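First comes the structure, then the notes that go with it.
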Protein chains: 2
Amino acid sequence: MKDLPGTPGTLSGLFLRFLQCLFASLSIMYIASTANFIRYTVYRYLAVAMSFQLLWSLSLACLDVYSMVTKNCLHDLVRLFATGDWLTALLSLAASSSSAGVTILFYIGGCSGDCTKYQMAIFLAFMSWITIETSALIMFWLLISG
Amino acid sequence: MKDLPGTPGTLSGLFLRFLQCLFASLSIMYIASTANFIRYTVYRYLAVAMSFQLLWSLSLACLDVYSMVTKNCLHDLVRLFATGDWLTALLSLAASSSSAGVTILFYIGGCSGDCTKYQMAIFLAFMSWITIETSALIMFWLLISG
């Protein structure tokens with residue numbers, strides 16, 4: 001259980017959760033700093049997806065710390081982690097892609113103002129997707145092999 | 001190896017590949033039947049992603065038929081199938097989501113003409129994503145358990 005980097009309850013697992021929280025919160029900050037993201041469905045969706053991912057990753061980071069302090073094994077919860085990570089990863093990829101599609105369209109039609117902020121938010125959302133996808137793959141591996 | 005429904009070289013596996021080909025080709029048909037999909041980056045991307053999925057699923061359907069006829073076991077190729085299925089599934093989800101984001105924006109801005117066709121193409125792309133994601137999960141399961 002403790003062999004694979006990124007396993008829950010290890011330092012590498014906690015680092016992965018920290019990266020997810022960091023990217024998701026930075027993405028929310030960039031989105032929220034634009035003047036009128038609330039007008040566009042996709043950017044609202046991106047904000048909701050990133051908030052969901054932030055909450056999920058933060059809860060799991062707390063669980064990792066708890067497990068490291070109390071030396072408890074989180075093996076019984078791997079099924080829950082795997083399902084949650086997969087769903088969050090799918091949600092994040094869908095949100096990032098749809099926002100990217102709309103932002104490209106804005107660029108073609110001549111961009112007004114907040115385009116760089118939207119781009120940064122989408123880049124960070126993709127980064128957070130890469131980290132959550134890594135977690136999801138590790139959890140799935142642990143679920144089946146362990 | 002032959003226990004799980006959807007395993008390569010079985011009738012259920014072939015049926016899953018057939019569904020993927022069907023949805024992907026219908027989606028391409030709908031996209032191609034619109035007047036000016038070539039003007040929009042996301043719809044071009046959707047067409048490319050669906051073509052890629054069609055080619056991949058068709059090749060694997062042929063392999064399934066070959067395996068059923070010659071009674072050859074495809075166990076050695078599961079690693080390749082799992083990787084290919086995952087990549088195709090990610091590509092399809094990203095393409096469907098980005099197209100859906102742009103189409104929602106078109107609806108808000110008042111839709112001109114081909115919107116229903118775009119909607120149908122995206123619906124079919126999502127259906128094909130669901131079937132390829134199912135295949136990918138089965139392959140991953142087989143890869144680790146077998």
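The values are calculated or read from the model by the stated rules, or taken from the named source; none is laboratory data. From a predicted model like this one, the values you see are computed outputs, not experimental measurements. Note that we place each Cβ from the backbone using ideal geometry, even for glycine, and neighbour counts take in every protein chain shown.
Here are the numbers for this structure:
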{"item": "Count - residues of region A:67-102 that are among the polar types (S, T, N, Q) and either touching a strand residue (DSSP E or B) at 6+ places or on another chain (Cβ under 7 Å) or closer than 23 Å to A:R44 by Cβ (or both)", "result": "6"}
{"item": "Residue match in region B:35-45 (condition: in contact with a Gly (Cβ under 7 Å, 6 or more places away or on another chain) and under 25 Å from A:A125 (Cα atoms))", "result": "yes"}
{"item": "One residue from B:S128, B:S135, B:S97 being assigned to a helix (DSSP H, G or I), without any contact (Cβ under 8 Å) to a residue 12 or more places away in the chain and either surrounded by fewer than 17 Cβ atoms within 10 Å (Cβ to Cβ) or touching a helix residue (DSSP H, G or I) at 6+ places or on another chain (Cβ under 9 Å) (or both)", "result": "B:S97"}
{"item": "Set B:V69, B:V65, B:V102: member being assigned to a helix (DSSP H, G or I), of a type in the set (V, I, T) and within 23 Å of A:S99 (Cβ to Cβ)", "result": "B:V102"}
{"item": "Hits in region B:100-123 - residues which are among the aromatic types (F, W, Y) and either surrounded by 22 or more Cβ atoms within 10 Å (Cβ to Cβ) or within 12 Å of chain A (Cβ to nearest Cβ) (or both)", "result": "B:F106, B:Y107, B:Y118"}
{"item": "A:Y30 being part of a helix (DSSP H, G or I), farther than 19 Å from B:A100 by Cα, free of Cβ contacts under 8 Å to residues at least 12 places away in the same chain and hydroxyl-bearing (S, T, Y)", "result": "no"}
{"item": "When residues of region A:31-51 are limited to those that are more than 14 Å from every other protein chain (Cβ to nearest Cβ) and modelled with pLDDT of 95 or more, the one nearest to A:W86 (Cα to Cα)", "result": "A:M50"}
{"item": "Condition met for B:R39 (in contact (Cβ under 8 Å) with a residue 12 or more places away in the chain and basic (K, R))", "result": "no"}
{"item": "Condition check for B:A82: within 14 Å of chain A (Cβ to nearest Cβ), within 21 Å of the chain's Cα centre (by Cα), aliphatic (A, V, I, L, M) and within 20 Å of A:S96 (Cα to Cα)", "result": "no"}
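Okay, residues lined up against (1) surrounded by fewer than 16 Cβ atoms within 10 Å (Cβ to Cβ); (2) free of Cβ contacts under 8 Å to residues at least 24 places away in the same chain; (3) not β-branched (V, I, T):
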site	(1), (2), (3)
B:G6	no, no, yes
B:Y43	no, no, yes
B:N72	yes, no, yes
B:R79	yes, no, yes
B:T88	no, no, no
